[in-house]
Amino acid sequence: MTAPLPVTVIGGYLGSGKTTLVNHLLRNANGLRLAILVNEFGELAIDEDLIEAEDDDIISIAGGCVCCSFGSDLTGALIDMAKLNPQPDHVLIESSGVAIPSAIVGSVSLLNGFCADGIVILADAETIQRSACDKYMGDTVLRQLADANIIVLNKIDLVNKAHLLETKRWLGQQTNGVRIIESSHGIVAPQVVLESFLVQKSLGVLHFEASNLEMMTITLREPVDVESLAKKLADDNLGLIRAKGFVTSLTGQKNLIQVVGRRWETSLAPDSTLNGIVCLGFKGVLSRQNIEKIGNVAS
Amino acid sequence: MVDTTIYSARKIITMNPARPTVSHVAVRDGKILAAGDLSELETWGDYKLDETFADKVLMPGLVEGHAHTMEGTLWRYVYCGYFDRGDPNGKVWDGLQTIEAILERLKEAEVQIDDPDAPLSGWSLDPIYMDNTRVTRADLDSVSATRPIGVLHASGHILNVNTKALELGGLMKTGINHPGIPLGADGYPTGELFGPETMTPIGVHVGFNRSLTDSDEQGLRDFAKLCVRTGVTTITDLAARLDDEGIEAMLRVTGEDDYPARVVPLQLFMGATPKEIVDKVVELKARATDRLRLGRIKAVADGSIQGFSARMRWPGYHNGAPNGLWYTAPEQLAELYRLALGAGIQVHTHTNGDEATEMVLETLAPALRDVPSPNHRFTLQHCQLADAAQFRKMKELNMCVNLFANHHFYWGDEHYRLTVGPERALRMNACRTALETGVPMAIHSDAPVTPLGPFFTAWSAVNRLTASGRTQGEHEKIGVEAALYAITLGAAYTLHLDDEIGSIEVGKKADFAVLEDDPTEIGNDNLKDVCVWGTVQNGRIFAASKL
């Protein structure tokens, strides 16, 4: 049986920078075959220099990536994606500005052969608070934020520091403390958005200098209580954004742990896998010691 | 020599106020040459007198402004509805009032299918009339445990399936956590699937594939038969994806010599940018034929009231359900409206909740300031919950409205009790307010959601009875004459076709509804029972008995 195809949903209201972020990821795919599903091909959906070939419903992109428009039939488009040869490494759904992302994840969860890799919501630092008060769209914007596992607060270059701090404080209130990553021009470390980047060897290190993020690999050699460990990794105070890796359970079985924001999941893994958890977190908060300590407590 | 036929009739209701009823109508080249008495018509020269309709009543061919050709396709499946309903071949299927009766009919159909793996599909189920008794997979398993079975609800938004279908779709398992998939005490799905995202993966295994809304060729022909049986000569398909293959098929089928209806398909605004859609429809408009009127757009602002996905203004849903969903953002609609107005393309917009209606009104107003278009006739479709102030705004913006009169009968009790509560339920589908405000109005069936039949639709608007027999919204009742106008000229106006159809007067298409009864004499209570003999479309005679 092949491993399920991971699916990430990128959401956010119109103008929050979803398309820019998608182009940024395509530009930095680094060998990972991404399949992007968009509601519709906008006039400038994909940067032209990235396009290799174009068909009605599918655009082939340099490096083995593809982009498809799904219109009204997301389920059908996903099923088509899984049939591509070679199969993509990761599917990314750019949801429409009015879509409720958790509903999309719900649909994905019904399909065999796919697994959800979290919801990343973009928010425009300049306008998000105003959008959230919009007469018509306000509640939709708030529902999108509430669905987020990770929020990318975009366009921070357009606001002053006081506005930024206030926006982050407000977002914290709305979302009860979800992880917020700052960004301008949709530029964010790809590992934040897609778990597949986290463990991609060729990408290795974060190559965005300005990033306030850090990556590390922690190896827990002793058996641990897997669920308890996963739960603790998702704790707000740890400064962890994403984690993926393998540990040995108290009963001696290999387990896969996946964490995105506060969401965590564990599953059985083949015995042959080597222990080690790749962690992505906030520089200065994330610490090797803390994680190892959690590992020890959980053992 | 010119070929003129003069038809005599018991009565011809023209909808032309200058001479509301006449005894004869002359037809030449598929068009109305004259309507009057025989001595007037004879002045046009040689003619052939045709007395086929001597004992019939003629009306302008009826116009259904909001239906879906999918109705034609669905009749190949087993009818499971609560109310009696006629199929394209004229058979009236008894309504089924119990789950047992539904299962019995499914069993009868099941034994007739030879291929043991072929799916069995049913449609038009509606448990709200059966005390909301839910159909389970076990119920459908009693029909067959080995063949996949799916029954679509009348709303089109819920699908019931059996265990085999769940297995084929990979959902026959525990641990499913999805709001659209209720689980039984055993942790397995009960077999009810809510919403398109849960229906699609299983639907393909039970005969409801992804492109169900796109009617196939046989479906289009069957749809047209229903038109003849209900007196309809012009009908909309609201809306279609209109891919190349679909357009070719529609052009081919409607172009057949004996195709009896004029079809007006609207391009759905979804899955493409406003510019792409407008550009496409400008091209489609150039390909339009007399019987396939391409060149209009339908946008969807929100969902449905009974599905709690319509967008409501304060105080929201009566039962406290959270507000519904937007299907299109105001910014996208604004761009669509501007581009379409600029290109002279008409847009119909689906709104159900009053907040969605408000959003459309507020979005169209600035677009019209940018692109003044006095005759745009942009139409609000359904628009069920609009209040008087919103109708006044529609008037100010020169908008039209097409109200869902049938809904009142089928779901009015539900709206009163559950979705919007008594006060707002009384104002739903406010036909009288629309007319008194001066908003051009049509009324519709939304077939297959409710059965095609403009006389039933007119009856609904005149009587405002609900399924339980209550009159709901006395104040919003309209007279028979206004209702007959709505199903002819009223609907034609919303399609920019009132210069060609909708009344019997010189120069218009020879499109008639041929009736056994006189709708102006039969009485308000019986309007729905007007017996239709058939139609004349573009001068061609179609008898329902000979389809």
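The values are calculated or read from the model by the stated rules, or taken from the named source; none is laboratory data. Bear in mind that the values here come from a model prediction, so they are computed numbers and not experimental data. Please note: Cβ atoms are built from the backbone with ideal geometry, for glycine as well, and neighbour counts cover all protein chains shown.
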Point to revise | Options B:TYR493, B:TYR485: the member that is under 30 Å from B:ALA34 (Cα atoms), in contact with a Lys or Arg (Cβ under 8 Å, 6 or more places away or on another chain) and assigned to a helix (DSSP H, G or I) | key: B:TYR493
**Study point:** Failed condition for A:GLY64, given (1) crowded, with 17+ Cβ neighbours inside 10 Å; (2) in contact (Cβ under 8 Å) with a residue 12 or more places away in the chain
**Key:** (1)
Review point. If you check A:ILE79, A:ILE93, which single one turns out to be more than 10 Å from chain B (Cβ to nearest Cβ) and β-branched (Val, Ile, Thr)?
Key: A:ILE93
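Listed residues B:ASP499, B:ASP446; which is under 16 Å from the mean Cα position of the chain (by Cα) and of a type outside the set (Phe, Trp, Tyr)?
Details: B:ASP499 fails: under 16 Å from the mean Cα position of the chain (by Cα).
One residue alone meets the criteria, B:ASP446.
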Study note, to complete from the structure: Within the range B:251-290, the residues that are buried (at least 22 other Cβ atoms within 10 Å of the Cβ), away from chain A (no Cβ under 12 Å) and in contact (Cβ under 8 Å) with a residue 40 or more places away in the chain are B:PRO260, B:ALA261, B:ARG262, B:VAL263, B:VAL264, B:PRO265, B:LEU266, B:VAL278, B:VAL281
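Residue by residue, here is whether (1) surrounded by fewer than 21 Cβ atoms within 10 Å (Cβ to Cβ); (2) not in a strand (DSSP E or B) holds:
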{"position": "B:SER8", "(1), (2)": "yes, no"}
{"position": "B:LYS11", "(1), (2)": "yes, no"}
{"position": "B:THR43", "(1), (2)": "yes, yes"}
{"position": "B:THR52", "(1), (2)": "yes, yes"}
{"position": "B:MET59", "(1), (2)": "no, no"}
{"position": "B:THR73", "(1), (2)": "no, yes"}
{"position": "B:GLY81", "(1), (2)": "no, yes"}
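Which one is nearest to the other protein chains (Cβ to nearest Cβ) among residues in the range A:59-73 that are in contact with a Leu (Cβ under 6 Å, 6 or more places away or on another chain) and either farther than 12 Å from A:ILE93 by Cα or part of a loop (DSSP other than H, G, I, E, B) (or both)? Don't jump to the end; show me each part of the working.
From the range A:59-73, those in contact with a Leu (Cβ under 6 Å, 6 or more places away or on another chain) are A:61-62, A:65, A:68, A:70; that's our starting set.
With the extra rule that they be either farther than 12 Å from A:ILE93 by Cα or part of a loop (DSSP other than H, G, I, E, B) (or both), the set shrinks to A:61-62, A:65, A:70.
Numbers: A:ILE61: 19, A:ALA62: 24, A:CYS65: 21, A:PHE70: 7 Å.
Across the range A:59-73, the extreme among qualifying residues is A:PHE70.
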Point to revise | Flag if A:VAL108 is more than 19 Å from B:ALA329 (Cα to Cα), in contact with a Pro (Cβ under 8 Å, 6 or more places away or on another chain) and in contact (Cβ under 8 Å) with a residue 60 or more places away in the chain | key: no
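Which residue is surrounded by the most Cβ atoms within 10 Å (Cβ to Cβ), if the candidates are limited to the range A:243-263 and must be under 13 Å from the mean Cα position of the chain (by Cα) and in a strand (DSSP E or B)? Steps first, answer last, please.
Going through the range A:243-263, the residues under 13 Å from the mean Cα position of the chain (by Cα) turn out to be A:243-244, A:258-263.
With in a strand (DSSP E or B) added as a condition, the list becomes A:243-244, A:258-260, A:263.
Values: A:ALA243: 27, A:LYS244: 21, A:GLN258: 22, A:VAL259: 29, A:VAL260: 27, A:ARG263: 16.
Of everything passing the filter in the range A:243-263, A:VAL259 is surrounded by the most Cβ atoms within 10 Å (Cβ to Cβ).
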Exercise for review: Could you list, in sequence order, all residues of the range A:111-138 that are of a type in the set (Asp, Glu) and either surrounded by fewer than 22 Cβ atoms within 10 Å (Cβ to Cβ) or touching a His at 6+ places or on another chain (Cβ under 7 Å) (or both)?
Suggested key: A:GLU126, A:ASP134
Exercise for review: May I ask you to say which residue of B:ALA299, B:ALA239 is modelled with pLDDT under 95, within 18 Å of the chain's Cα centre (by Cα) and either assigned to a loop (DSSP other than H, G, I, E, B) or within 14 Å of chain A (Cβ to nearest Cβ) (or both)?
Suggested key: B:ALA239
Point to revise | Hits in the range A:96-107 (condition: hydrophobic (A, V, I, L, M, F, W, C) and facing chain B (nearest Cβ under 9 Å)) | key: A:VAL98, A:ALA99, A:ILE100, A:ALA103, A:ILE104
Practice item. Could you check, for the range B:95-118, whether at least one of its residues is hydroxyl-bearing (Ser, Thr, Tyr), in the same structural domain as B:LEU152 (by TED's automatic domain parsing) and assigned to a loop (DSSP other than H, G, I, E, B)? Key: yes
**Study point:** Residues (surrounded by fewer than 18 Cβ atoms within 10 Å (Cβ to Cβ) and either without any contact (Cβ under 8 Å) to a residue 12 or more places away in the chain or under 28 Å from A:ALA132 (Cα atoms) (or both)) located in the range A:74-99
**Key:** A:GLY76, A:LYS83, A:ASN85
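Does B:ASP141 count as in the same structural domain as B:SER309 (by TED's automatic domain parsing) and either more than 29 Å from the chain's Cα centre (by Cα) or buried (at least 23 other Cβ atoms within 10 Å of the Cβ) (or both)? Show your work before the answer.
Working: in the same structural domain as B:SER309 (by TED's automatic domain parsing): no; either more than 29 Å from the chain's Cα centre (by Cα) or buried (at least 23 other Cβ atoms within 10 Å of the Cβ) (or both): yes.
It is false that B:ASP141 is in the same structural domain as B:SER309 (by TED's automatic domain parsing) and either more than 29 Å from the chain's Cα centre (by Cα) or buried (at least 23 other Cβ atoms within 10 Å of the Cβ) (or both).
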Point to revise | Conditions (1) closer than 19 Å to A:GLY118 by Cβ; (2) surrounded by 13 or more Cβ atoms within 10 Å (Cβ to Cβ); number of the one not met by A:ASP225 | key: (1)
Review point. Of all residues in the range A:35-52, which are within 24 Å of A:VAL98 (Cβ to Cβ) and either within 15 Å of the chain's Cα centre (by Cα) or assigned to a strand (DSSP E or B) (or both)?
Key: A:ALA35, A:ILE36, A:LEU37, A:VAL38
Practice item. Among the residues of the range B:475-505, write down those that are without any contact (Cβ under 8 Å) to a residue 40 or more places away in the chain and in contact with a helix residue (DSSP H, G or I) (Cβ under 8 Å, 6 or more places away or on another chain). Key: B:GLY479, B:ASP498, B:GLU500
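Select, from A:LEU50, A:LEU84, the only residue that is out of contact with any helix residue (DSSP H, G or I) (no Cβ under 7 Å at 6 or more places or on another chain), over 26 Å from A:LEU145 (Cβ atoms) and more than 9 Å from chain B (Cβ to nearest Cβ).
Working: A:LEU50 fails: out of contact with any helix residue (DSSP H, G or I) (no Cβ under 7 Å at 6 or more places or on another chain).
Of A:LEU50, A:LEU84, the one residue that is out of contact with any helix residue (DSSP H, G or I) (no Cβ under 7 Å at 6 or more places or on another chain), over 26 Å from A:LEU145 (Cβ atoms) and more than 9 Å from chain B (Cβ to nearest Cβ) is A:LEU84.
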Study note, to complete from the structure: Counted residues in the range B:76-98 being touching a Lys or Arg at 6+ places or on another chain (Cβ under 9 Å) and not acidic (Asp, Glu) come to 11
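Sort through A:ASN112, A:ASN160 and tell me the only one that's more than 14 Å from chain B (Cβ to nearest Cβ), polar (S, T, N, Q) and more than 25 Å from A:LEU25 (Cα to Cα). Let's see the steps before the verdict.
Details: A:ASN112 fails: more than 14 Å from chain B (Cβ to nearest Cβ).
Step by step, each of A:ASN112, A:ASN160 is checked, and only A:ASN160 is more than 14 Å from chain B (Cβ to nearest Cβ), polar (S, T, N, Q) and more than 25 Å from A:LEU25 (Cα to Cα).
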Check your understanding: Restricting attention to the range B:302-344, which residues are buried (at least 24 other Cβ atoms within 10 Å of the Cβ) and in a loop (DSSP other than H, G, I, E, B)?
Key -> B:ILE305, B:ALA310, B:ARG311, B:MET312, B:THR328
Check your understanding: For B:THR200, are the conditions met, namely being free of Cβ contacts under 8 Å to residues at least 12 places away in the same chain and buried (at least 23 other Cβ atoms within 10 Å of the Cβ)?
Key -> yes
Revision key, fill the gap. Checked the range B:510-525 for anything in contact (Cβ under 8 Å) with a residue 60 or more places away in the chain, in contact with a helix residue (DSSP H, G or I) (Cβ under 8 Å, 6 or more places away or on another chain), surrounded by fewer than 24 Cβ atoms within 10 Å (Cβ to Cβ) and outside any helix (DSSP H, G or I); matches are B:ASP517, B:THR520
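Are there any helices (runs of 4 or more DSSP H) wholly within the range B:353-444 with 1 or more residues that are β-branched (Val, Ile, Thr) and buried (at least 19 other Cβ atoms within 10 Å of the Cβ), and if so which? So that I can check it myself, show each step before the final result.
Values: elements: B:354-370, B:388-396, B:405-414, B:421-427, B:431-437.
Once the helices (runs of 4 or more DSSP H) in the range B:353-444 are filtered for at least 1 residues that are β-branched (Val, Ile, Thr) and buried (at least 19 other Cβ atoms within 10 Å of the Cβ), what remains is B:354-370, B:431-437.
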Review point. Does A:LEU32 qualify as being under 21 Å from A:PRO190 (Cα atoms), in a helix (DSSP H, G or I), of a type outside the set (Gly, Ala, Ser) and away from chain B (no Cβ under 14 Å)?
Key: no
